[in-house]
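Everything on this sheet refers to the single structure shown next.
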Amino acid sequence: MPGTWVLPQDFTFTAEGPLRLGQVLPHWTKPTTVLAAIGSDAAKDIALPATRTLVEPNHAHHQSESRSDSLSLLAKFESIVSTSTNTDIGKKHSIDYSKTDHEIRSFADPLLPDKVTAIANIPTVRKHITSSRFGKRPVYVVSGLRIATSSFTVTKKESSNFTIEAEGSGPPSGTTPGQVGGRVKHDNRERVTDSYDTAPGIVFAYQMYVIRTHGTGSETELFTHKSGFLTGEGGEQEEPLVLVDATKEEIDADLDEEVEYESVQIGDDELCIYLPPKK
């Protein structure tokens, strides 16, 4: 299933909950903070679309984050020898996930306009939408889950390298200057910082819809439901509502909370986003 997937901070969510299809979240980084659950409590009269299930066998994944600090120095000693030195110090953090089959659960059809309107006007949801400093906040509806059907191994690694390159020229000898040069490289320093096996049936990643008012997000609308409206306290109609996929552009347009994250393109039409690690 193509699109943007978000990996949770840890693999503790099971297929039975609390991260389920139809959960309404205040922010894409907060899968445990639920504003409403469609089909229960305040949203018990809102029916979910039918669920579609696909199986993706032998799914393996790798993520990495690299940082490099470089320093260039040009030294000249009494006009006799000039030396150019480049130093590079690099660090890399990577996580490997061993192979497992993924069961992908998603809505067979998008939410219809009356469902979008009903969700946005649930009291807890409407209160969140209208609490922004920048107009109206978006809300996120879990629309897809990747379930790892069996246990898999998570291996975290840390590696570093240290490189020095130097080139120099000595005093002239006749018409040809003397050349000196050297290169020292120290790398291949790697260690495993953590490794564990997950439980079977955990949520590997999730997808979301964004419900927002028209014009408050990016302009990458995949489909719109402008016949739905957010209502005010007196019942009057306010801004029309838009339903879109939670793409990277939509996530970046959420100005209420700035979050550092990593993303990697997988194939031609799929993107994975990594939540910041817990401190």
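For (1) modelled with pLDDT of 90 or more; (2) open to solvent by 60 Å² or more (accessible area, probe 1.4 Å); (3) outside any strand (DSSP E or B), each residue gets a yes or a no:
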| position | (1), (2), (3) |
| --- | --- |
| R105 | yes, yes, no |
| K115 | no, no, yes |
| K127 | yes, yes, yes |
| Y140 | yes, no, no |
| S150 | yes, no, yes |
| F162 | no, yes, no |
| G168 | no, no, no |
| P172 | no, yes, no |
| P177 | no, yes, no |
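Restricting the first member to the range 238-266 and to residues that are within 17 Å of L7 (Cα to Cα), and the second to residues that are outside any strand (DSSP E or B) and among the charged types (D, E, K, R), the beta-carbon pairs closer than 8 Å and six or more apart or on different chains are S263/K248.
The values are calculated or read from the model by the stated rules, or taken from the named source; none is laboratory data. Computed from a prediction, not measured in an experiment: that's the story for all the values here. Here Cβ is always computed from backbone atoms with ideal geometry, including for glycine, and neighbour counts include all displayed protein chains. Accessible surface areas use protein heavy atoms only, side chains included; no ligands, DNA or RNA. Shrake-Rupley method; radii C 1.70, N 1.55, O 1.52, S 1.80 Å.
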